[in-house]
1. Under 20 Å from a point 7 Å along the Cα-to-Cβ line of residue 140: which residues of region 49-86 have their amide N that close?
2. State to the nearest 20 debye the size of the charge dipole of the chain about its Cα centre, where the only charges are +1 on K and R beta carbons and -1 on D and E beta carbons.
3. Starting from the 7 Å offset along Cα-to-Cβ, what nm value, one decimal, do you get for the label separation of residue 210 and residue 42?
4. Accessible area, 1.4 Å probe, largest first: how do 226, 91 sort?
5. Per residue, how many Å² of accessible area does the chain show with a 1.4 Å probe?
6. Just add up the charged neighbours of residue 232: K/R +1, D/E -1, any other residue whose Cβ is under 13 Å from the Cβ of residue 232.
7. Considering the chain as a Gaussian network with a 10 Å cut-off on Cα pairs, which listed residue, 27, 70, 97, attains the greatest mean-square fluctuation?
8. Given a 1.4 Å probe and the protein chains all in place, what does the accessible area of residue 146 round to, in Å² to the nearest 10?
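The values are calculated or read from the model by the stated rules, or taken from the named source; none is laboratory data. Model, not experiment: these values are computed from the prediction. With ideal geometry, Cβ positions are generated from the backbone for all residues, glycine too; neighbour counts draw on all protein chains shown. Accessible surface is based on the protein model in full, side chains and every heavy atom, while ligands, DNA and RNA are left aside. Shrake-Rupley method; radii C 1.70, N 1.55, O 1.52, S 1.80 Å.
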Amino acid sequence: MLALDRVPRPLARAVAAIREEVLLAWVAPERRHALTVALFDRQATYAPGGNTFNGGLFDWERELLAHPIVPRSGRILLGGAGGGREIVALRDLGYEVVAFEPAASLARAGADAFSDVHGGSLVHASYEDFVRAVRGERNALSNVVTSPFDALMLGWGSISHVMEDGDRSDILRAMRSAAPNAPLLLSFDEPTVLEKPGGVLDRTRRVLRRLFALARAPGRVREGDRFVSWAGFFRESSAADIKALARDAGYQVAFIGVKPGRAILVNVAP
Ligand SMILES: C[S@@+](CC[C@H](N)C(=O)[O-])C[C@H]1O[C@@H](n2cnc3c(N)ncnc32)[C@H](O)[C@@H]1O
């Protein structure tokens, strides 16, 4: 009977691995964002009253905010805010928070919760909208990008969902140009070992990748590209990747830590 308990786990792992390979290959890269956001939109845990929301800041987030380079008060711009978990905590610490989030239900739930509370606002928008607003497009963030900020924060893991280095770099450059003197706080998903190298699942993944490539699947799959059903598409990054990204976007690393991956960046030439 105890042995039977172990049957579903490998099966579930196999299903998840095959689903991951199928979606990475067959959802065209330009459609990944929409699916990721649709999946987050169903995650009540991030909305006001949900478990993640109620958990408040993680210890590592408190430590990042306590870094001497981060201002103790002022205005913070927060991207990838979910339903506003960080907004509540930042507001309680004394910051004024302007936040945005691309999942419509989360943004709406958070906006309703914060509409009458001084010190926090949440707009329905993505990092891509932010970049376009900085470049002059009129959108939901047009007024946000022209207002001053003392610190910038990319909400928990949110930059991991931007899978291309060039797009990540565009976002950081836009952040730097909108608030050149503001330190930028971010967190990232680190590389994981998915399966035993050379094991059945590892080999299955490789066969699927070759087959899908031969069948001209639209998605190019690299090590570190991931899909999970509760968080959609994301790309894992090492500390070295984040340092390279910072350099490329005109930032230098004031602090970087792993497990979990997190960093504070400052403008090279404010
Ligand atoms: C792990 S959740 C964290 C939510 C919230 N920061 C929290 O900690 O409760 C990651 C968030 O990133 C958002 N996200 C994904 N892609 C994004 C993008 N391109 N622009 C902005 N946010 C994005 C998701 O919609 C999701 O709300």
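1. Residues 49-50, 53, 76-86 qualify, since their backbone N sits under 20 Å from the label point.
2. On the way: 34 positive and 31 negative charges, 181 e Å.
For the chain, the charge dipole is close to 880 debye.
3. For the pair residue 210/residue 42, the computed spacing is 3.4 nm.
4. Details: 226 30, 91 60 Å².
My answer, sorted largest first, is 91, 226.
5. 50
6. +2
7. 27
8. 110
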